[in-house]
Amino acid sequence: MGEQGGLSGEAPRAPPDLREAVTHLFEAGHRTLEPGVLDQILLNASPLELSRALLDKFSGSILTEQTVSRFIRDAFGTVSPGGYEKVADGYLPHTRKVTPEQGYRELFTDRYQRLHRILRGRPALKNLIPIRDVPRHRGEEFSVIGMVREVRHTEKSHHLMLALDDLTGEATFLIGKDNPQGKGAFLHDEVLGLRVWHPKDGDLAYVKEVVRPGVPVPKEPRKTTFPSKVLFLSDLHVGSKMFLREEWQELTAFLNGRTEQSAIAEQIRHVVVAGDLVDGIGIYPGQERDLAVLDILEQYRELGRLLSEFPKRLNVVLIPGNHDAVCPAEPQPPLPEVFARVLPTNVRLGGNPSLFSLDGVLIQAYHGRGFDNIVPSIPGARYEAPTEVMKHMLNMRHLSPTFGQKIPLAPLPRDGLLIDPLPDIFVTGHTHTAGIERHKGVTLINASAWIAETEYQRMRNVKPEPAQAFLMDLAKSSATQLDFSVR
C-alpha cells in the first residue's frame, strides 16, 4: 500500500459531572492519563465501566493513548454511537399529500429563501430591492437576489443577458461582453446576487458585480482534541464482475492492523462510503452481462459480509448512489429496512446527500450524480478534475441546481441539495476518479471506486483511478491519499 499527496471546531465534551467522575476514579487509583486519553474514554458508550476495567487491567502509573485504544478495540468492541451524529438528511418527505406542481413550487421557494438569507448580508449587495421594483430605480445603483431563469447572448454584440426572478417578479440584466463578471458559467436555477446600475433612459440594468453564496471568507475547520481518523471510500459496486476483490482484501487487512501501518489503522474510528454500494439491477441496458450477483438482495448480503470483516469498533457510514435500490430522484432516502437488516450493526445509514458529524467534525457526503449536470454546463470542467467541480458546487452552495437535466429532482418541501451549513469536509464519489484539495478551509475529497474500468467510461473517455482511499486526521485536519491498487 502506498501513500500520495497530503494536506496540512472542537469535539463534543461529556457533561461535567461525568468528566469529573471519571477523573476522580483515576485519581483515586493513582493513575495518570496521557493527554487525549480522557476524551477517548468519555466517547465510549460506557465510560465509567471502561474506566474501572482499565484500572483492573493495568497496574502501571501512566495510561497511554495507544494502550487505551488497543484495550477499547479488543475488549469493548464498537465505539460509542456518540462519535456519529446525523445532522440532516437531504431527503425530507412531505407530511401531507401534494401535487407534483405544489411540491416543486415549495422546493424552489425553499431554495430561494434559504440562499437569500445567506446572500443578503454580503457587503457588496447594498441597497437590496425586490426584482419587481427594478423599473422604479432608474438612474440608481442597487442590488437584487434572484434565481437564474435564462442565460443567452445577444446576436450582434455578444453581450450576456441574464434573466432572474424572485418571489415578486422577473427582470433581465445585461453583462457587457468585456465585463469580467460574465466570464464564468451561469447555471439555470442557481441563486445569486447582482450589484447593478440602471441608466435613467435605458430599459436594461447593467451588472457591475456578481455575488454567489460561496464561502465568503476562509473558515477554520473543526478539530478533535483526541486522536481520531476517518477513512473515505466510494463506489464499491459490490455484485459486479469487475469488483476489485484483491484490492478490497488489501484494504481489509490494513483496517485490521495486518500491515506495517497498523499504528495508523488503530486510530481510525470511522469509515464513510459515498454511495453506489452495490452495482444494482437494471441500471443500464445489458447490465446483466456485467453482474456476478444477479439478485439485488444478495448483492446487499455480500456487501454486509464484506463490511463484517472490518473491525467492529468502527462506525461505518453509508449513503446510497444512483446504482443503489432507492428512488433515483435526488435527494435520495436511506436504504430501506429490507436491505439495512442484512448489514452489520455498526453501520449507520444516511440519505443522499447526508450531513453528519464525526467526533464533532461536520461532514457533507454526496454521491455526486450532480457531476453529470454540471460538467457539461461549465467550459473546461472534467470528471478527471472532480475537486474543481466541487468548488463550483460550494460556490453555488448547491449540489445540482438545474431542473430538467439528467438528474431528476424530487418535489420535496425542503431543498435537500443545498450546502448549508458549510461543512469541514465535503466528500463525493460517482466519477470513479480521485481528488483531494483544501478550498477556503473546506477539505474536498472525491473518493475513487472499487471497480475496474467500465465500458461506459471507455466510451466517454473517462480514465478512472480506482482502489484509492482517503485518510482524514480529524485532530490535525490533514488528509492523505492511500493507494491499495495491486500492481
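The values are calculated or read from the model by the stated rules, or taken from the named source; none is laboratory data. This is a predicted model, so every value here is computed, not measured. A quick note on method: Cβ atoms are made from the backbone with ideal geometry, for glycine too, and the neighbour counts reach across all protein chains shown.
Restricting attention to region 378-392, does a residue exist that is of a type in the set (A, V, I, L, M), assigned to a helix (DSSP H, G or I) and touching a helix residue (DSSP H, G or I) at 6+ places or on another chain (Cβ under 7 Å)?
yes
Determine which single condition Pro344 fails, assuming it passes every other condition in (1) on the phi > 0 side of the Ramachandran plot; (2) crowded, with 16+ Cβ neighbours inside 10 Å.
Unmet condition: (1).
Out of all the residues in region 184-225, which are of a type in the set (Gly, Ala, Ser) and either in contact with a Cys (Cβ under 8 Å, 6 or more places away or on another chain) or not in a loop (DSSP other than H, G, I, E, B) (or both)?
If the condition is that a residue be of a type in the set (Gly, Ala, Ser) and either in contact with a Cys (Cβ under 8 Å, 6 or more places away or on another chain) or not in a loop (DSSP other than H, G, I, E, B) (or both), then Gly193, Ala205 are the ones that fit.
Kindly indicate the residue of region 59-84 that is among the hydrophobic types (A, V, I, L, M, F, W, C) and surrounded by fewer than 16 Cβ atoms within 10 Å (Cβ to Cβ) and also modelled with the lowest pLDDT among those meeting that condition.
Among them, the one singled out is Ala75.
Would you be able to say whether some residue in region 155-172 is surrounded by 15 or more Cβ atoms within 10 Å (Cβ to Cβ), at pLDDT 95 or above and of a type in the set (Ser, Thr, Tyr)?
Yes, region 155-172 contains a residue that is surrounded by 15 or more Cβ atoms within 10 Å (Cβ to Cβ), at pLDDT 95 or above and of a type in the set (Ser, Thr, Tyr).
Determine if region 449-465 includes at least one residue that is buried (at least 17 other Cβ atoms within 10 Å of the Cβ), under 19 Å from the mean Cα position of the chain (by Cα) and within 30 Å of Glu220 (Cβ to Cβ).
No, there is no match, as no residue in region 449-465 is buried (at least 17 other Cβ atoms within 10 Å of the Cβ), under 19 Å from the mean Cα position of the chain (by Cα) and within 30 Å of Glu220 (Cβ to Cβ).
Scan region 118-145 residue by residue and report those that are surrounded by 19 or more Cβ atoms within 10 Å (Cβ to Cβ) and of a type in the set (S, T, N, Q).
Result: Ser143, single match.
Kindly check whether there is at least one residue in region 123-145 that is in contact with a Gly (Cβ under 6 Å, 6 or more places away or on another chain) and part of a helix (DSSP H, G or I).
yes
Just wondering, is there one or more residues in region 459-467 that are on the phi < 0 side of the Ramachandran plot and polar (S, T, N, Q)?
No.
Name the single residue that is surrounded by the fewest Cβ atoms within 10 Å (Cβ to Cβ) among those in region 351-377 being out of contact with any Leu (no Cβ under 7 Å at 6 or more places or on another chain) and assigned to a loop (DSSP other than H, G, I, E, B).
Filtering first and then ranking leaves Gly360.
Since Ser234 meets every condition but one in (1) buried (at least 22 other Cβ atoms within 10 Å of the Cβ); (2) in contact with a Leu (Cβ under 8 Å, 6 or more places away or on another chain); (3) under 23 Å from Leu474 (Cα atoms), which condition does it not meet?
(2)
Scan Ile268, Ile319 and give me the residue that is outside the structural domain of Val68 (by TED's automatic domain parsing), touching a helix residue (DSSP H, G or I) at 6+ places or on another chain (Cβ under 7 Å) and crowded, with 19+ Cβ neighbours inside 10 Å.
Ile268
Yes or no: region 110-124 includes at least one residue that is in contact with an Asp or Glu (Cβ under 9 Å, 6 or more places away or on another chain) and over 30 Å from Gly350 (Cα atoms).
Taking every residue of region 110-124 in turn, at least one turns out to be in contact with an Asp or Glu (Cβ under 9 Å, 6 or more places away or on another chain) and over 30 Å from Gly350 (Cα atoms).
So which of Thr252, Thr259, Thr225 is hydroxyl-bearing (Ser, Thr, Tyr) and at pLDDT 95 or above?
Step by step, each of Thr252, Thr259, Thr225 is checked, and only Thr252 is hydroxyl-bearing (Ser, Thr, Tyr) and at pLDDT 95 or above.
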